[in-house]
1. Taking the range 201-213 as the region of interest, how many residues are away from the ligand (no atom under 16 Å from the Cβ) and in a loop (DSSP other than H, G, I, E, B)?
2. Listed residues Ser132, Ser171; which is modelled with pLDDT under 95, surrounded by fewer than 18 Cβ atoms within 10 Å (Cβ to Cβ) and not aliphatic (A, V, I, L, M)?
3. Considering only the range 95-117, I want to know if a residue exists there that is more than 24 Å from Cys163 (Cβ to Cβ), in contact with a Gly (Cβ under 8 Å, 6 or more places away or on another chain) and either modelled with pLDDT under 95 or part of a helix (DSSP H, G or I) (or both).
4. Can you confirm whether Pro142 is out of contact with any strand residue (DSSP E or B) (no Cβ under 6 Å at 6 or more places or on another chain) and within 16 Å of the ligand (Cβ to nearest atom)?
5. Thr205 is checked against (1) within 19 Å of Gln280 (Cα to Cα); (2) in contact (Cβ under 8 Å) with a residue 40 or more places away in the chain; (3) surrounded by fewer than 20 Cβ atoms within 10 Å (Cβ to Cβ) and fails just one. What number does that condition carry?
6. Does Ala154 fit the bill of being closer than 17 Å to Thr209 by Cβ and in contact with a helix residue (DSSP H, G or I) (Cβ under 7 Å, 6 or more places away or on another chain)?
7. May I ask you to verify whether Tyr198 is of a type in the set (Ser, Thr, Tyr), in contact with a helix residue (DSSP H, G or I) (Cβ under 8 Å, 6 or more places away or on another chain), in contact (Cβ under 8 Å) with a residue 40 or more places away in the chain and more than 26 Å from Ile136 (Cβ to Cβ)?
Amino acid sequence: MNRIRRAAATSVALAGLGLLGGAGPAEAKLSVVATTPELGAVASAVGGDAVSVLTLAKPTEDPHFVDARPTHIVTLNRADALVEGGAELEIGWLPPLVEGARNARIQPGAPGRIAASEGIQLVDIPASFDRSRGDIHGAGNPHFMMDPRNAAIAARHMAEAFCKLDAAQCSAYQANLAAFDARLEAKMKEWSALLAPYDGVAIVTYHATWRYFAQRFGLKSELFLEPKPGIPPSPPHLAEVIEKMKAEGIRVILVEPYQTLKVAEMVAGHAGATVVRVAQFPGALPGTAGDYVALMDANVKAIAAGLAGKG
Ligand SMILES: [Zn+2]
């Protein structure tokens, strides 16, 4: 189970394939690949200097439909660990990449395969599920990282996994985890205070991305521009949403970078609401690259401003 020896063997194999340039001696850091940028940001916070983190999805990509590229296979081939959201978030694009990477360290069940969803209480688990209808939340809602307390659970899970893979650095991982937790908890107080005036207030979102966020901060997120997760908005559904927004006095629509802004603006125009730009991924909003806490800070502030009518 010598990571350096394994990495060296990988290097030899890849050099044989002409995939390595002037690579030097085997990488001493734990090589972590994350599927999406918020998981990568938390892995970096927990891993600190002892890990190198690469992320497959771009901050502006839909995590359900990531563009699979050949470079992803090379990245996965070299990984000591793969952090995924799980709960079927990446089911549409990750399995063929992992298969193509031929890396036993990150196969399902291996110690290097880390599912952030493990230990998380998922919502929206369907009683019955028919994938043919196009619904993409078959294992429950996979957007749990938008609740900062779930990010703390995922961070602890990552620290435990990194300790198993790299026992020599375990105390560093635990110290990094404690620092991440402390920073997050301090911000939680601030965020809860910012959103406290809107307890029980309803919001509309494009996709069911903000269910955990709403649950944590006392908002109501039950109305979506998509008729079902992954199904594009249709005119009859949007007409219904506009009616409900007017009837319930809903003032805010959340939209993410890869969603159709025009549709949200049209609905907001009819319903007398404000469109608020938010994101699941660090780097998708200015000043948030590589930093989960900064991302959530930007989200909370944008949503609070929208709810206050200052959006
Ligand atoms: Zn989704």
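The values are calculated or read from the model by the stated rules, or taken from the named source; none is laboratory data. Note that the structure is a prediction, hence the values are computed from the model and not measured. For neighbour counting, all protein chains shown are included, and Cβ atoms are generated from backbone atoms with ideal geometry for every residue, glycine included.
1. 1
2. Just a single option satisfies the conditions, and that option is Ser132.
3. no
4. On the way: out of contact with any strand residue (DSSP E or B) (no Cβ under 6 Å at 6 or more places or on another chain): yes; within 16 Å of the ligand (Cβ to nearest atom): yes.
So Pro142 passes the test.
5. In the conditions (1) within 19 Å of Gln280 (Cα to Cα); (2) in contact (Cβ under 8 Å) with a residue 40 or more places away in the chain; (3) surrounded by fewer than 20 Cβ atoms within 10 Å (Cβ to Cβ), Thr205 misses (3) alone.
6. Details: closer than 17 Å to Thr209 by Cβ: yes; in contact with a helix residue (DSSP H, G or I) (Cβ under 7 Å, 6 or more places away or on another chain): yes.
So Ala154 fits the description; yes.
7. On the way: of a type in the set (Ser, Thr, Tyr): yes; in contact with a helix residue (DSSP H, G or I) (Cβ under 8 Å, 6 or more places away or on another chain): yes; in contact (Cβ under 8 Å) with a residue 40 or more places away in the chain: yes; more than 26 Å from Ile136 (Cβ to Cβ): yes.
Yes.
Every residue, every condition in (1) of a type in the set (Phe, Trp, Tyr); (2) closer than 30 Å to Glu248 by Cβ; (3) more than 22 Å from the chain's Cα centre (by Cα), yes or no:
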| site | (1), (2), (3) |
| --- | --- |
| Gly112 | no, no, no |
| Glu118 | no, no, no |
| Val123 | no, yes, no |
| His143 | no, yes, no |
| Arg149 | no, yes, no |
| Glu160 | no, no, no |
| Tyr173 | yes, no, no |
| Trp191 | yes, yes, no |
| Ala196 | no, yes, yes |
